[in-house]
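A short worksheet on the structure shown next.
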Amino acid sequence: SYRSDFDYNVDDLLKREVIVCLGDTDTFGMALKKEDTWVEYVLQNNPDKVVLNCGIIGAAPDTVARVMVGIVNAIGPAIKGICILWPHTNRREFVSKLFTGVVGGSNRVYVPFEDYWDFIDWKSDNHNYFKNKHLVTNLAKAHGIPLFDLLINRFDDKVPFDYGTKFYALGKKSHAALGRYFHKKINGLPSLYEEKK
C-alpha cells in the first residue's frame, strides 16, 4: 500500500496540482518517519501542490510502470511532475494463477514453482529496466507530464549511502540527498554538477 497521512481521493486530487513519487522500499521509506523520506523533501514547503508517496515495499521496475499507468489514467490532468527512484534492475514481477510476487533475478529461492523457471529470463536485467523506462517515458510524454527519474547502484561500496535497517533500506541522510536531487529537478534548479561547470 502507499504511504500517506490522508486518503487518496481521486475527485479531490483532480482539483490539486500533484507530484507523484514512485519506487520501492527506498521511496516508501521503510524504518523512517514520513517526514524523513525523500518524497517529503521534494516540495519543500510548497503548499500549492500535493505530493503522493506511491513507493511500494519490494516493488520491481514492472511494478513502478504498472502503478504509474494506473495513476496517470486516474488523475493525469492534475499531475505536474513524476519522480521515480527505480528499484534494482534484477527485480521483476512474477504472476501466475497460484503465485504473485516480485522475483530477484539473482536468487531463485523466491520463486516457488520450478516449472516456471525456464520462462523467466534471468539475464535480461537491463532489458527489464529499459522496457519499463521506455513505457513510463512515453506515457509521460503523451500526457505532457514532466518525468524525472534516477537509477542508483545501492550496492556500490564507493557510494556513501547510510542504511536505516539490516535489509539495506536507505537511511535519513540518503533520503535527504535524494530529496534535494528531485527538488532541484522538479523546480528546474541547476544540479551540483551543473553549478560546477
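Residue-level analysis places Lys196 among those that are farther than 18 Å from Trp38 by Cβ, open to solvent by 60 Å² or more (accessible area, probe 1.4 Å) and modelled with pLDDT under 75. Selection over the stretch 9-30 of residues that are in contact with a helix residue (DSSP H, G or I) (Cβ under 9 Å, 6 or more places away or on another chain) and open to solvent by 50 Å² or more (accessible area, probe 1.4 Å) gives a count of 5.
Of the strands (runs of 3 or more DSSP E) lying entirely inside the stretch 1-90, the ones with 3 or more residues being closer than 25 Å to Ala177 by Cβ, out of contact with any Gly (no Cβ under 9 Å at 6 or more places or on another chain) and of a type in the set (A, V, I, L, M, F, W, C) are found at 49-55. Answer yes or no as to whether Ile56 is at pLDDT 90 or above and within 14 Å of Ile186 (Cβ to Cβ). Against the criterion (at pLDDT 90 or above and within 14 Å of Ile186 (Cβ to Cβ)), Ile56 does not qualify.
Beta carbons closer than 9 Å, at least 6 apart along the sequence or on distinct chains, pair a first residue in the stretch 12-30 that is within 16 Å of Gly144 (Cβ to Cβ) with a second that is open to solvent by 10 Å² or more (accessible area, probe 1.4 Å) and among the acidic types (Asp, Glu) for Glu17/Asp48.
Filtered by the rule that a residue be touching a Lys or Arg at 6+ places or on another chain (Cβ under 7 Å) and either surrounded by fewer than 21 Cβ atoms within 10 Å (Cβ to Cβ) or within 24 Å of Asp36 (Cβ to Cβ) (or both), the stretch 48-77 gives Lys49, Val50, Asn53, Gly55. Considering the conditions (1) open to solvent by 10 Å² or more (accessible area, probe 1.4 Å); (2) closer than 18 Å to Phe148 by Cβ; (3) modelled with pLDDT of 90 or more, Cys83 is excluded by exactly one of them, (1). Applying the condition of being more than 18 Å from Leu147 (Cα to Cα) and among the charged types (D, E, K, R) to the stretch 31-46 and asking which residue is most open to solvent (accessible area, probe 1.4 Å) yields Lys33. Is it true that Val103 is open to solvent by less than 10 Å² (accessible area, probe 1.4 Å) and modelled with pLDDT under 80? Against the criterion (open to solvent by less than 10 Å² (accessible area, probe 1.4 Å) and modelled with pLDDT under 80), Val103 qualifies.
The values are calculated or read from the model by the stated rules, or taken from the named source; none is laboratory data. Predicted model only: the values in this text are computed from it and were never measured. Neighbour counts are summed over all protein chains in view; Cβ atoms, including those assigned to glycine, are modelled from backbone coordinates with ideal geometry. These accessible areas exclude ligands, DNA and RNA; they are computed on the full protein's heavy atoms, side chains included. Shrake-Rupley method; radii C 1.70, N 1.55, O 1.52, S 1.80 Å.
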